[in-house]
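Heads up: the structure comes next, in C-alpha cells.
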Amino acid sequence: MTDLPVAGSASAELAKLVQETWSEAALKTGIELAGFDPDSPLGERLAWAHHRGLLSGGILSRFSTKLQQSTTAQVCDCVAYGAGHGIYVPPEFVCVDEAVSGRKVHRDGLNRIRFILEQKLINVLLFFKVSRLFRVAYKGFQFFQEEVVEEGLRAISITQGIDTSDEKTWKQLAYFHGIMDELLLGTIADHVRSGIASLFRAGYVTGAVPVGFRRKEVAGPATKLGRPRTVPEVDPVAAELIRQHVDWILNGMPLREGWRRWMTAGGPFDPRSTSGHMSYPSYRRMLSNPRLTGRFAFGRKRNVWKSKKDRVAQIDGAETDVIFVQSEELRIVGDPQFAELQKLLAELKLGPRGPKRRKEPQLWDLLTDCFLCEACSSQKPIRFYQAGGRGHGMSCKRADLCSCLTVVQRKEAVLAVCQRLDELLQRDGDLLEQTIASAVQLDSAGDERISLDLKRLENKIAAISRKINDLADVAGEGSDEDRALLKAKVRAAQLERLTEEAERARLQSALSMEARTITPEEVRILLGNLTQLLIDGAAGKLGGDLVHRAADVFRKLVGGRIWVRVERRAGRKRTNVRGVFTPVLLPTVQAELGDNRSVETEALETWVWLRQPPKRDRLADRVYQLIEHNPARRTSSTQTPGTCARR
C-alpha cells in the first residue's frame, strides 16, 4: 500500500460514503458484520473479508466534462452491487477520473487501477459501463483481455451484464456495447455541432474571440453555465493598432520589427496564451486571420482524437461543411489590403531576419537585398549581403566563386542611387503629361475591359481552387516522396491563387473607383515629397516609420533590383563599380496617387557609379560623347575612345 499512487484515488468524503454504503448493503444481503471495523487497517479488513469468504474488489469511475458530477452515483451503485454479490470493496481500491475524456489511455484513475491489477490486490474489477473504461471499442476489449482475463482476474460491468467469468458471452457483449457507445458518441457530437452552428448563424459567440474583437453581452438564452449570451464586436483600440501595423507591413516594414513594436506598445494577446504576451507566430496568424475583413467561418477545423498521440488534434474540415458569415460591421481591414498582405506573408514564409543589434535602422540597412551581382546571376539572381568592417559594406555571397568579387559601401551606394532617382524625377518633363494622359486613357476605355478581366480572373481562381481540392484529396497517398511532391504543388497553387486574388482586388478597386483627372499640382507635390523622402533617407535623417516608407518607395522606383557591374581597370587593383537598373517612375507615381489602373510604358535602363572612380574614368564617357557629337574635332578612325579621353 505504500507504493499505491495517490493521484486518481477517492476523496475523504467519498471514502467515508463507500464504507457506509457497503455496510448498509451488506446487512440487507445477510452478510454478518460481526468483527468488522471500518476504521481498522486495510490488511485487517481484507483478512476479515477473506475469512468470511468474500472476494476483494476495486472500482473505476469516470465522467467526461466539468458539467457532469456522476462519480458518487457510479461508485455507490458499484459498491452496492459488490455487497450483493459477495465482494468487499475497500475505499482504498476506488479509482476515479473526473472531467477526463474516455479516449485517453493515460489517466490518473486508470493508471492507478492498472497498478492495483498488476499487483493483484483485488480479485474483481467493477465499473458502471464499458464506456467508463474507454470510449474506443477495441481499447476496451484489449484492456479486458490483457489486464484482466490473462492475469486470472475478473471484471464486471454492473449495468450491461458483462462478466469475464462467462467465457462464452463476455467478448460478444463487450464488442457490442463498445461499438454502440462509439456510435452514440458520434451522434451526440453531430447534434452538438449542429446546435453550435445554429448559434453561429444567429450571430452569437461560439468560441474564442480573436485579437481585435471583444464580447458584447446581449439579451437571449443563457449558456449551459448560466452565463449571458454574447456577440462579437470590434475593439476600437485593438482595431486601430492592427490597421497601423498592416500599413507598416505593406510599406516595407519587416514582420519582426512590427512584432517588436506590437510588444512595445503593449498590444493585446489571446487570453488563452500561456506566455502572457503576443508571440511572433501569433502575430503572423493575427495578420492572416480572414476575420479582419469581417468574414467569420464555422467548421473550418474539426477536432479528431489521435489514439497514438493520446490527444485531440485539429484537422481541416470539408469545404462543403464550412459556414461563412460576412459582416461589414466587424470589418477591420479592407479586402485589397488584406489580399496584398496575404501575398506578402506567403512570399516571406518565415519572415526576414531582424538586425542582430537593436538599433534604429537606416535606409541603407533595409535595401541590401536590392543589389544583385551581375557576374553571378546568369541562372538565378544572387543578391548582396552585408560585409566589410562593422558591416558597413556589402558584397556577393559567393565569396569563393565570384569572378568580380568586391566590397561596396552600402551608404555610399544607396546615396548615389537616390541622387540619380532625384535627377530622373526632376528632369523628366514628360512624366506629368504621361500621368495625366494615362488617367484620361483609362477613363475613356470604360469599365467593359475591367469587367472582362475580372471574369477571366474569377474563372482562373475557380480553376486553381479546384486544382487545390483535387491535390488535397490525394495528399495522403503514395510514398513519402510522392506526398512531399503533392504538398509542394499545393503550396505553389495556393501562392498562385493569392497572386490572382490580389489582382482581382486591384481590378475591383479600379472598377468601383470614380473616374477622376489627376491634376498637375497633385503630381508636382507628390514628386517633391518623393524626392525629399529619398534624399533625407539617404542622409540618415529619417527614423521610425518614415525610413520603412522611404525603403518601399526606393524599391518601387528601381523595380526591386539594381545590378552591380564590376569593371576592372588595366594595370590597377582597384575596380570601378556601376549600378544598373530600370527606373519604374510612372507606375510608382500612379500607385502613390491611388490610381490602380495600369498604363503601358517603356522604361530605359540607366546606371550610376556605386563607388566613385578616378576623375579620368568619370570624364571618359562624357569626353567621348562630346567628340562623337562634334565632327570638327573628331580624330582619325584609328584613335580609340580611351585615347581621346586621356588626351
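The values are calculated or read from the model by the stated rules, or taken from the named source; none is laboratory data. All figures in this text were calculated on a predicted structure; none of them were measured in a lab. No Cβ is skipped: glycine too gets one built from the backbone with ideal geometry, and neighbour counts run over all protein chains shown. Side chains are part of the model used for accessible areas, which takes the heavy atoms of the whole protein and leaves out ligands, DNA and RNA. Shrake-Rupley method; radii C 1.70, N 1.55, O 1.52, S 1.80 Å.
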Item checked: Pairs with Cβ under 7 Å, 6+ apart, first in region 336-348 and in contact (Cβ under 8 Å) with a residue 24 or more places away in the chain and assigned to a helix (DSSP H, G or I), second open to solvent by 30 Å² or more (accessible area, probe 1.4 Å) and polar (S, T, N, Q) -> Pro336/Ser509; Gln342/Ser288; Lys343/Thr499; Leu345/Ser288
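Is it true that some residue in region 178-186 is of a type in the set (Asp, Glu), under 30 Å from Gly43 (Cβ atoms) and either in a loop (DSSP other than H, G, I, E, B) or open to solvent by 30 Å² or more (accessible area, probe 1.4 Å) (or both)? Spell out how you get there, then give the answer.
Of all residues in region 178-186, those of a type in the set (Asp, Glu) come to 181-182.
Within this subset, residues satisfying the condition of being under 30 Å from Gly43 (Cβ atoms) are none.
No, because not a single residue in region 178-186 is of a type in the set (Asp, Glu), under 30 Å from Gly43 (Cβ atoms) and either in a loop (DSSP other than H, G, I, E, B) or open to solvent by 30 Å² or more (accessible area, probe 1.4 Å) (or both).
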Item checked: Asp97, sole failed condition from (1) farther than 24 Å from Ser131 by Cα; (2) in contact with a Gly (Cβ under 6 Å, 6 or more places away or on another chain); (3) open to solvent by less than 40 Å² (accessible area, probe 1.4 Å) -> (1)
Next item on the list: Mind counting the residues in region 530-570 that are part of a strand (DSSP E or B) and under 17 Å from Arg383 (Cα atoms)?
Entry: 5
Margin query: For the structure I just gave you, tell me whether Gly109 is within 20 Å of Asp163 (Cβ to Cβ) and among the small types (Gly, Ala, Ser).
Written below: no
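Rundown of residues vs (1) at pLDDT 90 or above; (2) farther than 30 Å from Lys129 by Cβ, yes/no style:
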{"position": "Ala174", "(1), (2)": "no, no"}
{"position": "Gly178", "(1), (2)": "no, no"}
{"position": "Val205", "(1), (2)": "no, yes"}
{"position": "His245", "(1), (2)": "yes, yes"}
{"position": "Gly258", "(1), (2)": "yes, yes"}
Note to self: Suppose the filter is surrounded by 16 or more Cβ atoms within 10 Å (Cβ to Cβ) and at positive phi; does Gly220 pass it?
What the structure shows: no
Note to self: Can you say whether Asp181 is of a type in the set (D, E, K, R) and within 37 Å of the chain's Cα centre (by Cα), as far as the supplied structure shows?
What the structure shows: yes
Check: Just wondering, is there one or more residues in region 70-85 that are crowded, with 18+ Cβ neighbours inside 10 Å and at pLDDT below 90?
Finding: yes
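Go through Ala339, Ala439, Ala413, Ala387 for me and flag whichever is modelled with pLDDT under 75, buried (at least 18 other Cβ atoms within 10 Å of the Cβ) and not acidic (Asp, Glu).
Values: Ala339 fails: modelled with pLDDT under 75; Ala413 fails: modelled with pLDDT under 75; Ala387 fails: modelled with pLDDT under 75.
Going through Ala339, Ala439, Ala413, Ala387 in turn, just one is modelled with pLDDT under 75, buried (at least 18 other Cβ atoms within 10 Å of the Cβ) and not acidic (Asp, Glu): Ala439.
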Notebook entry, point to check: Say we look at region 187-207 and pick out the residues that are of a type in the set (A, V, I, L, M) and assigned to a helix (DSSP H, G or I); which of these is least open to solvent (accessible area, probe 1.4 Å)?
Noted result: Ala197
Check: Applying the selection to region 449-471, what residues are open to solvent by 70 Å² or more (accessible area, probe 1.4 Å) and touching a residue at least 12 places away in the same chain (Cβ under 8 Å)?
Finding: Glu458, Lys460, Lys467, Asn469
Check: Are any of the residues in region 157-167 assigned to a loop (DSSP other than H, G, I, E, B), within 30 Å of Ile87 (Cβ to Cβ), among the aliphatic types (A, V, I, L, M) and over 32 Å from the mean Cα position of the chain (by Cα)?
Finding: yes
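State which residue is nearest to Val218 (Cα to Cα) when the search covers only region 228-274 and only residues that are assigned to a helix (DSSP H, G or I) and polar (S, T, N, Q).
Filtering region 228-274 down to residues assigned to a helix (DSSP H, G or I) leaves 236-250, 255-264.
Narrowing further to those that are polar (S, T, N, Q): 244, 264.
Working: Gln244: 30, Thr264: 34 Å.
Looking at residues that are assigned to a helix (DSSP H, G or I) and polar (S, T, N, Q), I get Gln244.
Considering Glu514, Glu481, Glu477, which residue is in a helix (DSSP H, G or I) and at pLDDT below 85?
Numbers: Glu514 fails: in a helix (DSSP H, G or I); Glu477 fails: in a helix (DSSP H, G or I).
Within the list Glu514, Glu481, Glu477, the selection yields Glu481.
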Note to self: Just to be sure before I move on: is Phe144 free of Cβ contacts under 8 Å to residues at least 60 places away in the same chain, crowded, with 18+ Cβ neighbours inside 10 Å and part of a helix (DSSP H, G or I) in the structure I sent?
What the structure shows: yes
Note to self: So Lys573 passes all but one of these: (1) assigned to a loop (DSSP other than H, G, I, E, B); (2) of a type outside the set (Ser, Thr, Tyr); (3) open to solvent by less than 50 Å² (accessible area, probe 1.4 Å); (4) out of contact with any strand residue (DSSP E or B) (no Cβ under 7 Å at 6 or more places or on another chain). Which condition number does it fail?
What the structure shows: (3)
